[in-house]
Amino acid sequence: GEDVEQSLFLSVREGDSSVINCTYTDSSSTYLYWYKQEPGAGLQLLTYIFSNMDMKQDQRLTVLLNKKDKHLSLRIADTQTGDSAIYFCALSGGYQKVTFGTGTKLQVIP
Amino acid sequence: GAVVSQHPSRVICKSGTSVKIECRSLDFQATTMFWYRQFPKQSLMLMATSNEGSKATYEQGVEKDKFLINHASLTLSTLTVTSAHPEDSSFYICSAGGGQGGGETQYFGPGTRLLVL
């Protein structure tokens, strides 16, 4: 099956940029997502990218996809304390079945 | 984005009882809904895929007789944890495919936290 790995923890200072990384094994993934989960809450879809794209920017969020290295990243510009949460990358290779990464806890220091 | 609700948000039950969790897509029709389980500090694990009007497809290792899934309409899927035990305590999250984000986008409910005593 698909393996999707993320680093467990990232700490940044408020105002700095955050970069959350994700590596995966299945190159047939069509859709690649980033979700945010705040404590005790469900998942919030932040953004997604198609596998035929290299980059997508949406306000403070920039997604980069390196298909050769099977590497996906999420950059959050001007990180705020409200960005503190767990971030999951997720991949879908077929119709709607999604595999989630291990999650990265982002801590923003004021 | 599309809205998916879950009810209840939290439930505490005694061991041996059954608990039903509802998942509703409020502003779009979802032919497919998914049920996930998330243990503390872990990622989401897909339990089953629920298709409207047909039997659910369960992931390997998930007991279909223990986790009963019913998808009776395009806006409602239910997960019933039968004869719940403490090890079933978890955060259960549903998602629905479709909506404005495109056919592959899943919209997640807020989750249901189950505690079995």
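What follows draws every value from the coordinates through simple rules; no lab data is involved. Predicted, not measured: the structure shown is a model, and the values here were computed from it. Positions of Cβ are backbone-derived with ideal geometry, glycine not excepted, and every protein chain shown enters the neighbour counts.
Taking the square roots of 5 times each eigenvalue of the Cα gyration tensor of the protein assembly as shown, largest first, gives ellipsoid semi-axes of 30, 20, 16 Å. Give the aspartates and glutamates reachable from B:Lys41 as a straight Cα distance under 14 Å; neighbours fewer than 8 places away on the same chain don't count. Excluding near neighbours in sequence, the set is A:Glu38. Name the shape class, rounded, prolate or oblate, that the alpha-carbon gyration tensor gives for region A:32-72, where a ≥ b ≥ c are the square roots of its eigenvalues, rounded holds for a/c under 1.5, and otherwise prolate holds if a/b is larger than b/c and oblate otherwise. Prolate shape, in that a/c is at least 1.5 and a/b is the bigger ratio.
Ellipsoid semi-axes for chain B, based on the Cα gyration tensor and the rule √(5λ), read 23, 14, 13 Å when sorted largest first.
Taking the DSSP beta bridges with both ends in chain B, the antiparallel portion is around 90 percent. The separation of region B:34-92 from region A:36-86, counted between C-alpha centres, amounts to 27 Å. Put +1 on the Cβ of every Lys and Arg and -1 on every Asp and Glu Cβ in chain A; which of A:Val63, A:Thr30, A:Gly103 then has its Cα farthest towards the positive end of the dipole? Among A:Val63, A:Thr30, A:Gly103, the one farthest towards the positive end of the dipole of chain A is A:Thr30.
Look at A:Tyr33, B:Tyr58, A:Tyr24 and count the other Cβ atoms within 10 Å of each Cβ; fewest to most, that gives B:Tyr58, A:Tyr24, A:Tyr33. Going by neighbour counts of Cβ atoms within 10 Å, the residues B:Lys64, A:Lys68, A:Lys105 line up, fewest first, as A:Lys68, B:Lys64, A:Lys105.
With a cut-off of 13 Å between beta carbons, the residues surrounding B:Thr112 carry a summed charge of +3, where Lys and Arg count +1 and Asp and Glu -1.
Antiparallel as a % of all DSSP beta bridges within the protein assembly as shown, to the nearest 5?
Roughly 90 percent of the DSSP beta bridges within the protein assembly as shown come out antiparallel.
With R₀ set to 22 Å, the beta-carbon distance separating A:Lys56 from A:Asp3 gives a calculated FRET efficiency near 0.40. If one puts a single equal scatterer on every Cα of region A:30-110 and applies the Debye formula without solvent, what log₁₀ I(q)/I(0) results at q = 0.14, 0.26 Å⁻¹? Results for region A:30-110 at q = 0.14, 0.26 Å⁻¹ read -0.46, -1.40.
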